[in-house]
1. (1) under 22 Å from residue 41 (Cβ atoms); (2) surrounded by 10 or more Cβ atoms within 10 Å (Cβ to Cβ): which one isn't true of residue 121, the others all being true?
2. How many residues are more than 25 Å from residue 101 (Cα to Cα) and in contact with a helix residue (DSSP H, G or I) (Cβ under 6 Å, 6 or more places away or on another chain) when one looks only at the stretch 123-150?
3. Any chance the stretch 69-77 includes a residue that's at pLDDT below 80, surrounded by 11 or more Cβ atoms within 10 Å (Cβ to Cβ) and not in a helix (DSSP H, G or I)?
4. Pull up the stretch 164-173, narrow it to residues that are loosely packed, with under 13 Cβ neighbours inside 10 Å and over 29 Å from the mean Cα position of the chain (by Cα), then point me to the one that is modelled with the lowest pLDDT.
5. Filtering the stretch 78-89 down to residues that are in a loop (DSSP other than H, G, I, E, B) and touching a helix residue (DSSP H, G or I) at 6+ places or on another chain (Cβ under 7 Å), which residue is surrounded by the most Cβ atoms within 10 Å (Cβ to Cβ)?
6. Just to check your reading of the model, which residue among 15, 53, 107 is without any contact (Cβ under 8 Å) to a residue 60 or more places away in the chain, part of a loop (DSSP other than H, G, I, E, B) and on the phi < 0 side of the Ramachandran plot?
7. Collect the residues in the stretch 18-42 that are part of a helix (DSSP H, G or I), surrounded by 15 or more Cβ atoms within 10 Å (Cβ to Cβ) and in contact with a strand residue (DSSP E or B) (Cβ under 9 Å, 6 or more places away or on another chain), keeping them in residue-number order.
8. What is the one condition in (1) at pLDDT below 90; (2) over 14 Å from the mean Cα position of the chain (by Cα) that residue 40 does not satisfy?
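The values are calculated or read from the model by the stated rules, or taken from the named source; none is laboratory data. Remember, it's a predicted structure, so these values are computed and weren't measured experimentally. Cβ placement follows ideal geometry from the backbone for every residue including glycine, while neighbour counts extend to all protein chains displayed.
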């Protein structure tokens with residue numbers, strides 16, 4: 001009578017020459033994707049001492065929320081090669097989606113706890129821009145910018161200006 005030896009041990013003959021498998025191929029969890037939520041899950045599990053394998057199908061980290069250099073950006077949108085007159089790849093860091101985190105919110109505390117912040121950089125926002133009618137336009141952030149902005153009509157400008165003043169007064173409390 002044969003003894004049950006459990007599941008077969010994985011083989012790693014597919015690894016390139018000289019590479020060793022991480023954690024002997026045994027993981028407590030495999031996380032697919034490298035977006036914020038996947039990184040948070042991996043961070044929470046690893047803080048608890050779990051062995052995690054995290055993989056991404058893209059050649060860059062961040063999933064739908066990635067910040068891409070020029071080559072990655074052109075590749076993602078199948079726009080061919082990036083023109084050389086645009087400068088160096090490293091000069092570009094284009095967010096696929098805007099990412100805003102309240103400075104003293106619960107998400108910030110959780111990111112600090114999970115040590116995900118080793119892989120993130122926090123910066124104050126210097127400006128926000130939109131593309132409209134073939135032009136890149138600054139999103140207004142002050143009452144004066146609201147009045148000068150071509151993004152809104154006259155009545156919208158006045159309402160938006162009042163809203164910004166209200167926010168600034170509330171923030172000062």
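1. For residue 121, the exception is condition (2).
2. Residues that pass the stated criteria total 1.
3. No, every residue in the stretch 69-77 fails to be at pLDDT below 80, surrounded by 11 or more Cβ atoms within 10 Å (Cβ to Cβ) and not in a helix (DSSP H, G or I).
4. 173
5. Result: 82.
6. 15
7. Matches in the stretch 18-42: 38, 39, 41, 42.
8. So residue 40 meets the others, but not (2).
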